Amino acid sequence: MKKNNNLLEIPNINSKDAIFKKLIYDIENSLFDKDNYSKKEFEHLCVCSGGTTSSCAKNGFTTLDLRKNYSQIYLDRETNLVTIGGGVIMGDLLNHLQKHNRSFPIGLSKLPGAGYVLTGGVSPLSRAYGLAIDNIESIKGFLGNGTFISLKKKKISPEKKLIWEAIKGAAPFFSIITEIELMTIRSNPIQIIEGFVNLNELSEIIKISEKFPENMSLQWIYAQKIYIYIFVELKNNLEDKRIKEYLLLQEKFPALEKNYYENFNEINFFPKELNLYELNVNNHSEVISLLGEDLKNEIPLFVKCLNEIMDNKPNNSCYVASQQLGGKTKKLKHGSSFFVHRKSTWKPWIYASWKKNDLQEKEVAMDWMYKSWIKLKRFYPNIHLAQLHNHLNSHREELTLAFGNRTDELKTLKNIFDPQSILPPL
Ligand SMILES: Cc1cc2nc3c(=O)[nH]c(=O)nc-3n(C[C@H](O)[C@H](O)[C@H](O)COP(=O)(O)OP(=O)(O)OC[C@H]3O[C@@H](n4cnc5c(N)ncnc54)[C@H](O)[C@@H]3O)c2cc1C
């Protein structure tokens, strides 16, 4: 905590700067009392796990900070299932698992908390192991009406089925999850081919990547320049002819370099040292995450569109990036969920940033984000609701594009289990 005890020490600067009404660490009955939130229209309880989003603390709102009392991590060595608290960050999970040579498909940063798991969780390992939600075995927590819930994948009764499915992708709207049990995977070495490329090379690499085997994925960022990561999990199959061929990609693109990592935990994507974009602690930001399928013949059109977007970028802190999913994330082996766009193979995101007190710059940056979103919709029509935007005008559209034909089911769940809208509104 900072000296000013009305501020939170968390990664997201918008939320870090918010002057909240009250900070709570424990889940008590009073938390579910509507009278505590009714002072302002749309006031609700903010929940903080990793604290990486702009919605975990807001001016005048109460925040439930799960980091202090819900930070347990326990790995059962017999089942290799790990149990984490609702306030655990992915870096701590990976550090713990690595001690036992286990791992988990976390995303491109170690900073996100349980919000990463509950909103889907797209990892460079997802093509081989599914989304984070596909690896949930059980959960414990509270519904918005204060009811305690404990659900196990193998013992879901028909009447709990909808709640279970909605927890996987839409939990923040109607529940506070205090414990999550996850499957872990063996920790394998990783080969990364990475470096700066130009737009033509990016176009060629996207084309190649759309045929990647499941243990490979592409992630790229276009900020001041374009930087890519071709991620390869080495699962004893280096002898696989296809992988060997792909590893030769580096020869085709001489600016790329090949790096070997003992495990996933050692990798630091988009590090500061690369100066990819201006990292400014005095900036506020918003991110919107999209979803779409393989670009196939549309790659040249997409690259042209990307170029236009970057030409209009309002400042050097704004960028567009993308990660690849597909493979196992397309399958429903682990049952239905509220991550409905299972056909998706790309998750691009648009990052808009501005000097925190400069409202004019904010307007320009947000306008760029929305206009870029409109341009990209043709290729990526859906939304990955990894960031809750109920404070933005785009919220309703994002909800529909994220939950598709399950939006009404989510509204029903919200009406039943969070009737007073204590948790973030739909
Ligand atoms: C640097 C960076 C890299 C990222 N990379 C990826 C990536 O590779 N793949 C990907 O899929 N996403 C990625 N994300 C997005 C991130 O996973 C989501 O924004 C996620 O929601 C953040 O979770 P959090 O716990 O850190 O955030 P918080 O701000 O603490 O929480 C986010 C929201 O989730 C809700 N929430 C959090 N915990 C709980 C809980 N226990 N119970 C109920 N509700 C809860 C809160 O209401 C809050 O509104 C990245 C984000 C950042 C900042």
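The values are calculated or read from the model by the stated rules, or taken from the named source; none is laboratory data. None of these values were measured; they are calculated from a predicted model. Positions of Cβ are generated from backbone atoms using ideal geometry, with glycine treated the same way; all protein chains shown enter the neighbour counts.
Residues that are small (Gly, Ala, Ser), closer than 20 Å to residue 137 by Cβ and within 12 Å of the ligand (Cβ to nearest atom) within segment 91-127 comprise 107, 113, 114, 115, 120, 121, 123, 126, listed in sequence order. Just so you know, in segment 217-241 the residues that are more than 25 Å from residue 302 (Cβ to Cβ) and among the basic types (Lys, Arg) include one that is surrounded by the fewest Cβ atoms within 10 Å (Cβ to Cβ), and it is 241. Screening the candidates 388, 413, 392, 399 for the property of being without any contact (Cβ under 8 Å) to a residue 40 or more places away in the chain and surrounded by 14 or more Cβ atoms within 10 Å (Cβ to Cβ) yields one hit, 399. Taking only segment 333-376 into account, find how many residues are more than 27 Å from residue 405 (Cα to Cα), of a type in the set (A, V, I, L, M, F, W, C) and away from the ligand (no atom under 16 Å from the Cβ). So the count comes out to 6.
Are any of the residues in segment 62-83 touching a His at 6+ places or on another chain (Cβ under 9 Å), within 16 Å of the ligand (Cβ to nearest atom) and within 28 Å of residue 231 (Cβ to Cβ)? The answer is yes, given that some residue of segment 62-83 is touching a His at 6+ places or on another chain (Cβ under 9 Å), within 16 Å of the ligand (Cβ to nearest atom) and within 28 Å of residue 231 (Cβ to Cβ). Condition first: over 20 Å from residue 380 (Cβ atoms) and of a type outside the set (Lys, Arg). Can you find one or more residues in segment 338-356 that meet it? Checking segment 338-356: at least one residue is over 20 Å from residue 380 (Cβ atoms) and of a type outside the set (Lys, Arg). Exactly one residue among 343, 371, 362 is assigned to a helix (DSSP H, G or I) and either without any contact (Cβ under 8 Å) to a residue 60 or more places away in the chain or loosely packed, with under 15 Cβ neighbours inside 10 Å (or both), and that residue is 371.
Every residue, every condition in (1) within 24 Å of residue 203 (Cβ to Cβ); (2) modelled with pLDDT of 95 or more; (3) assigned by TED's automatic domain parsing to the domain that holds residue 55; (4) in contact with a helix residue (DSSP H, G or I) (Cβ under 6 Å, 6 or more places away or on another chain), yes or no:
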| residue | (1), (2), (3), (4) |
| --- | --- |
| 272 | no, no, no, no |
| 275 | yes, no, no, no |
| 281 | no, no, no, no |
| 284 | no, yes, no, yes |
| 298 | yes, yes, no, no |
| 310 | yes, yes, no, no |
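Could you tell me how many of the residues in segment 142-191 are more than 27 Å from residue 96 (Cβ to Cβ) and part of a strand (DSSP E or B)? Number satisfying all stated conditions: 1. Among the residues of segment 224-257, the ones that are more than 21 Å from residue 123 (Cβ to Cβ), modelled with pLDDT of 85 or more and charged (D, E, K, R) come to 3 in all. If I filter segment 307-321 for residues that are within 21 Å of residue 211 (Cα to Cα) and within 16 Å of the ligand (Cβ to nearest atom), do I get at least one hit? There is at least one residue in segment 307-321 that is within 21 Å of residue 211 (Cα to Cα) and within 16 Å of the ligand (Cβ to nearest atom). Within segment 278-300, residues that are over 22 Å from residue 392 (Cβ atoms) reach partners that are of a type in the set (Val, Ile, Thr) with beta carbons closer than 8 Å, at six or more positions or on different chains, in the pairs 281/13; 293/345; 294/345; 295/206; 299/206. Checking the stated criteria, residue 88 turns out not to satisfy the condition of being more than 12 Å from the ligand (Cβ to nearest atom), buried (at least 20 other Cβ atoms within 10 Å of the Cβ) and farther than 29 Å from residue 419 by Cβ. When residues of segment 398-424 are filtered for being of a type outside the set (Val, Ile, Thr), part of a helix (DSSP H, G or I) and either touching a Leu at 6+ places or on another chain (Cβ under 7 Å) or within 13 Å of the ligand (Cβ to nearest atom) (or both), how many remain? Qualifying residue count, segment 398-424: 10.
So that you can scan it fast, the table gives a plain yes or no per residue for (1) modelled with pLDDT of 95 or more; (2) not in a strand (DSSP E or B):
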{"residue": "38", "(1), (2)": "no, yes"}
{"residue": "43", "(1), (2)": "no, yes"}
{"residue": "63", "(1), (2)": "yes, no"}
{"residue": "67", "(1), (2)": "yes, yes"}
{"residue": "71", "(1), (2)": "yes, yes"}
{"residue": "79", "(1), (2)": "yes, yes"}
{"residue": "83", "(1), (2)": "yes, no"}
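The residues listed here are 257, 201, 214; of these, the one that is out of contact with any Pro (no Cβ under 8 Å at 6 or more places or on another chain), of a type outside the set (A, V, I, L, M), buried (at least 16 other Cβ atoms within 10 Å of the Cβ) and in contact (Cβ under 8 Å) with a residue 60 or more places away in the chain is 214.
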